[in-house]
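The values are calculated or read from the model by the stated rules, or taken from the named source; none is laboratory data. The structure displayed is predicted, hence computed values, not measured ones. Here Cβ is always computed from backbone atoms with ideal geometry, including for glycine, and neighbour counts include all displayed protein chains.
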Amino acid sequence: MSRHLPRVNSLLPGGVWSAAPTPFTGRMEVDLESVRRMVDHHLRLGVKGLFLCGTNGEGPWMTNAQKRRFVGAVIKRAHGRLPVAVQVTDNSAARIMDNIGMAREEGADIAVVAPPYFLANVSPETIRTLYLDVIRRSPLPVGIYDRGKSSSVVVPESVLRDIYSEPNVVVIKDSSADPARMRIALAAKRKNPALCLLNGWEFNCIPYLQAGFDGLLLGGGVFNGYLAGHLVAAVQAGNLKRAAQFQAGMNRMMWAVYGGRKITCWLAGEKQLLVRMGIFKTWRNYPGYALTCACRRAIERTLKRDKEWLLP
């Protein structure tokens, strides 16, 4: 039976959430042993919540069976110690509702809706109708993942205002890097203080925290979550100089792991770091990111230089 949160105005923890990667075996099967180690590592880092099957979690590429297996394994290992949100994005309300049904059956707390991968007959009204249909019918509390203008389907600001005001929306991940869209989220929180706002633009966290966001939802949270937690605490204490030092350290670590500013290794680099930390077994990934010699060397340097943050 699902242990999901109450339907309306659920109080969620701020701080650092992780958009967790999915570990695979050499045959591209979900690696359950690595899942267990990954959940334990997140707890060690002080991460407050997990977001599964997003882009960093390879949800858009995984089969339905893989997603179910992964979600179920994470929730079993978390055992109520962390809220678990699952991305359920798809191209129609009917398909999204099916995905929410799976997440609920496996015990997820929140269903997260990002812009559709593809949508015909695109207009503000068709986008609004899709979101509102799902939000109002969902048996789980809903999270909204705003990717701004980087999505193939861009959710207009007028639609954001409408969907953020829905009582079943409990959390927002804003990765838009757009001050106007940030202000829309903050306005929604003023009307509903229980709404949890998480910044997903991990290379520039301080302005969001200063503005009133509750925390961060990071693709690198599985390795930089402990450092990011110190960044959040520094901002809350008003020590912006120290916070800026933590942000610079996070950025340096992420560029090294992801293959530089062109992000040539991205998922392969993140997973290889986890292999070297004894958490994952392989760096296999669906999008086919390779692991270059330069990226391997950068990861080894990071392991030595940042061990206190990686393995606190």
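One table, with the values for the structure above:
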{"item": "Out of ARG77, ARG27, ARG69, sole residue that is in contact with a strand residue (DSSP E or B) (Cβ under 7 Å, 6 or more places away or on another chain) and over 17 Å from LEU217 (Cβ atoms)", "result": "ARG69"}
{"item": "Criterion (outside any helix (DSSP H, G or I) and either more than 19 Å from the chain's Cα centre (by Cα) or closer than 23 Å to THR22 by Cβ (or both)) met by exactly one of GLY238, GLY269, GLY249", "result": "GLY238"}
{"item": "Condition check for GLY101: in a loop (DSSP other than H, G, I, E, B) and either among the aromatic types (Phe, Trp, Tyr) or surrounded by 15 or more Cβ atoms within 10 Å (Cβ to Cβ) (or both)", "result": "no"}
{"item": "Close pairs (8 angstrom Cβ cut-off, 6 or more residues apart or separate chains): within 15 Å of PRO156 (Cβ to Cβ) in region 180-193, of a type in the set (D, E, K, R) and not in a helix (DSSP H, G or I) anywhere", "result": "ARG181/ASP146; ARG181/ASP174; ALA185/ASP146; ALA185/ASP174"}
{"item": "Of all residues in region 163-177 being surrounded by 16 or more Cβ atoms within 10 Å (Cβ to Cβ) and more than 16 Å from LEU217 (Cα to Cα), the one that is nearest to the chain's Cα centre (by Cα)", "result": "VAL169"}
{"item": "Scan of region 275-312 for residues that are among the small types (Gly, Ala, Ser) and either outside any loop (DSSP other than H, G, I, E, B) or buried (at least 19 other Cβ atoms within 10 Å of the Cβ) (or both), ordered by number", "result": "ALA294, ALA298"}
{"item": "Those residues of region 48-74 which are assigned to a loop (DSSP other than H, G, I, E, B) and β-branched (Val, Ile, Thr), in sequence order", "result": "THR55, THR63"}
{"item": "Boolean, GLY57 is touching a residue at least 60 places away in the same chain (Cβ under 8 Å) and within 27 Å of TYR226 (Cβ to Cβ)", "result": "no"}
{"item": "Checking SER150 against (1) at pLDDT 95 or above; (2) within 19 Å of CYS53 (Cα to Cα), the condition it does not meet", "result": "(1)"}
{"item": "Any hit, region 288-311, residues being of a type in the set (Ser, Thr, Tyr) and under 18 Å from the mean Cα position of the chain (by Cα)", "result": "no"}
{"item": "Pair list, Cβ under 8 Å, 6 or more apart: region 18-38 residue in contact (Cβ under 8 Å) with a residue 40 or more places away in the chain and farther than 24 Å from ASN224 by Cβ, other residue in a helix (DSSP H, G or I) and aliphatic (A, V, I, L, M)", "result": "LEU32/ALA73"}
{"item": "Unmet criterion (only one of (1) without any contact (Cβ under 8 Å) to a residue 40 or more places away in the chain; (2) buried (at least 21 other Cβ atoms within 10 Å of the Cβ); (3) part of a helix (DSSP H, G or I)) for VAL134", "result": "(1)"}
{"item": "Residues satisfying the stated conditions in region 260-274, i.e. surrounded by fewer than 22 Cβ atoms within 10 Å (Cβ to Cβ) and small (Gly, Ala, Ser)", "result": "GLY260"}
{"item": "Residues located in region 169-207, provided they are assigned to a helix (DSSP H, G or I) and not small (Gly, Ala, Ser)", "result": "PRO179, ARG181, MET182, ARG183, ILE184, LEU186, LYS189, ARG190, LYS191, ILE206, PRO207"}
{"item": "Criterion violated by ARG7 - all others in (1) within 28 Å of ASN199 (Cβ to Cβ); (2) among the charged types (D, E, K, R); (3) modelled with pLDDT of 95 or more satisfied", "result": "(3)"}
{"item": "Only one of VAL155, VAL222 that is surrounded by 24 or more Cβ atoms within 10 Å (Cβ to Cβ), at pLDDT 95 or above and assigned to a helix (DSSP H, G or I)", "result": "VAL222"}
{"item": "Any hit, region 40-63, residues being of a type in the set (Val, Ile, Thr) and surrounded by fewer than 18 Cβ atoms within 10 Å (Cβ to Cβ)", "result": "yes"}
